[in-house]
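**Student:** Quick one: structure below, then a few questions.
Read-outs: derived from the displayed coordinates by stated rules, not from any lab. Quick caveat, the model's predicted, so the values are computed rather than measured. A quick note on method: Cβ atoms are made from the backbone with ideal geometry, for glycine too, and the neighbour counts reach across all protein chains shown.
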Amino acid sequence: MIVNLKAKALYNKIFEGTETWVANKILVFQKRRELRKYVKHLPKLTSEQKKAVREFWKPYCRVKMDWFRYYAGITGKFDPRYIPEDLQHTRIDQYFNQKRLGYGFNDKNNYSLIFPGIKQPKTIVRKIGSLLFDEEYHLIDIGKAMALLAMCPEVIVKPTQETGGGRYIEFYDTKSDAERLKQLLLDPKEQNWIVQDLVKQHYEMAKMHPQSLNTVRVYTILLEDCVHILSASMRMGGNNSRIDNVSANSGIIAGVRENGALTECAYFDMLSGKTTNRHPQGMLLSEIKVPSFDKMLDTAKRLAQFTGHFRMVGWDFSVDEDGDIVLIEANMRKADTGPIQCLHGPFFGDLTERVLNEVFGRK
């Protein structure tokens, strides 16, 4: 047993370690190349600001000054506690979240098992590998699957692994698109999908843009004492898009205050820092408030207790027509810190030094 454990540890160190090292190098290159494109038009840091960054980060690691130039230039507020995005992805996220477990644990087809008792969109058909299942994980054939789908006028189809930015999400009319749906479910190359009924969202969530399911992302971190709420931000579709994600070039993102009210400005282009105080359809952001927000934060804290291997998670919620919180997605890896820091300031806020002390081994 001891020999097997040592052999496994050696394997992980050599092969998985090398793979991670290469992936990290590529990610750092991509992030910094993107950063250079947008930082050159922003004001440079003063000598005092550079000194503050160096002194704050000296106990931990070297950081690139352009990250602090970017956030200070975009927000108009300098703070040495901003988290460089390349460091977040290659060191901090990989410390708190177990990469090797991510593919199975963060599979949308497993949410019903991992988060029992938490309201989720109604699942019609699951495609796991090349096999079909109903909502309760009973094995079914294509005939039964199509019969279940015919009971819903319209469905949303999502890939269940490694998704982000609204990629590959599609809406199907179960009558006119029946043949396309059937081909997707039968195609052996198209694996790991989930077909769900549409969520009927709360009036307050729908009034700024009813065409999309508008969601709130709540970030939590699980530390030794308890679950901490890091931030909350609302993502809204725009221009008749049915996807609410900003990275899909179709929506906007605004911060959510402690009372559920939105911040006065939102971003619709994070990299260039373009902001607006209105939704593209004209509604003032100050007129929008997330319903059942306290219940949403309580739900996020409860969910974080289920994910000990993933201590830093971005929970995507909606609010249905009855005011109930609905879990849409759990983002258990690669926390998207850029939008949060533009909206709320340093990602970890007053927990920054505590988090960095744990990650870098300082007491």
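**Student:** At a 10 Å Cβ-Cβ cut-off, how would you order MET234, MET65, fewest neighbours first?
**Tutor:** In increasing order of surrounding Cβ atoms, one gets MET65, MET234.
**Student:** Here is a further query. Among ASP141, ASP225, ASP322, which one shows the highest mean-square fluctuation when the chain is modelled as a Gaussian network with alpha-carbon springs under 10 Å?
**Tutor:** Of the options given, ASP225 has the highest mean-square fluctuation.
**Student:** Suppose every K and R has +1 on its Cβ and every D and E has -1 on its Cβ; what is the size of the dipole of region 122-197 about the Cα centre, in Debye to the nearest 20? All intermediate terms of the calculation are to be shown ahead of the outcome.
**Tutor:** Working: 10 positive and 13 negative charges, 22 e Å.
In debye, rounded to 20, region 122-197 gives about 100.
**Student:** All other residues with a Cβ under 11 Å from the Cβ of SER130 taken together, and with Lys, Arg as +1 and Asp, Glu as -1, what is their net charge? Write down the numbers at each step before the final one.
**Tutor:** Details: positive: LYS127, LYS189; negative: ASP187, GLU190.
Summing Lys and Arg as +1 and Asp and Glu as -1 gives 0.
**Student:** Another question, then. Once you wrap a convex hull around the alpha carbon atoms of region 272-363, what is its projected area averaged over all directions, in nm²?
**Tutor:** Projected over every direction and averaged, the Cα hull of region 272-363 covers 8.5 nm².
**Student:** Could you please report the charge total around LYS31, scoring K, R as +1 and D, E as -1 over all other residues with beta-carbon less than 9 angstrom from its beta-carbon? Each step should come with its number before you reach the end.
**Tutor:** Numbers: positive: ARG32, ARG33; negative: GLU34, GLU85, ASP86.
Net charge in that neighbourhood comes out at -1.
**Student:** Quick one: putting +1 on the C-beta of Lys and Arg, -1 on the C-beta of Asp and Glu, what dipole do you get for the chain around its Cα centre, in Debye to the nearest 20?
**Tutor:** On the way: 53 positive and 44 negative charges, 395 e Å.
Charge dipole, the chain, about its Cα centre: 1900 debye, nearest 20.
**Student:** Based on the Cα gyration tensor of the chain, what are the three equivalent ellipsoid semi-axes, each the root of five times an eigenvalue, rounded to whole Å and given largest first?
**Tutor:** On the way: eigenvalues 247, 152, 71 Å².
Largest first, the chain gives 35, 28, 19 Å.
**Student:** Please give the net charge around ALA150, taking every other residue with its beta carbon less than 12 angstrom from that of ALA150, where Lys and Arg add +1 and Asp and Glu add -1.
**Tutor:** Net charge in that neighbourhood comes out at 0.
**Student:** Ranking TRP315, TRP57 by Cβ neighbours within 10 Å, fewest first, what do you get? Before the final figure, lay out the partial values.
**Tutor:** Numbers: TRP315 28, TRP57 18.
Ordered from fewest to most neighbouring Cβ atoms within 10 Å, TRP315, TRP57 come out as TRP57, TRP315.
**Student:** Okay, moving on. For a distance above 14 Å, tell me the whole-number percent of Cα pairs in region 122-197 that qualify.
**Tutor:** Values: 1594 of 2850 pairs.
Beyond 14 Å sits 56 percent of the P(r) for region 122-197.
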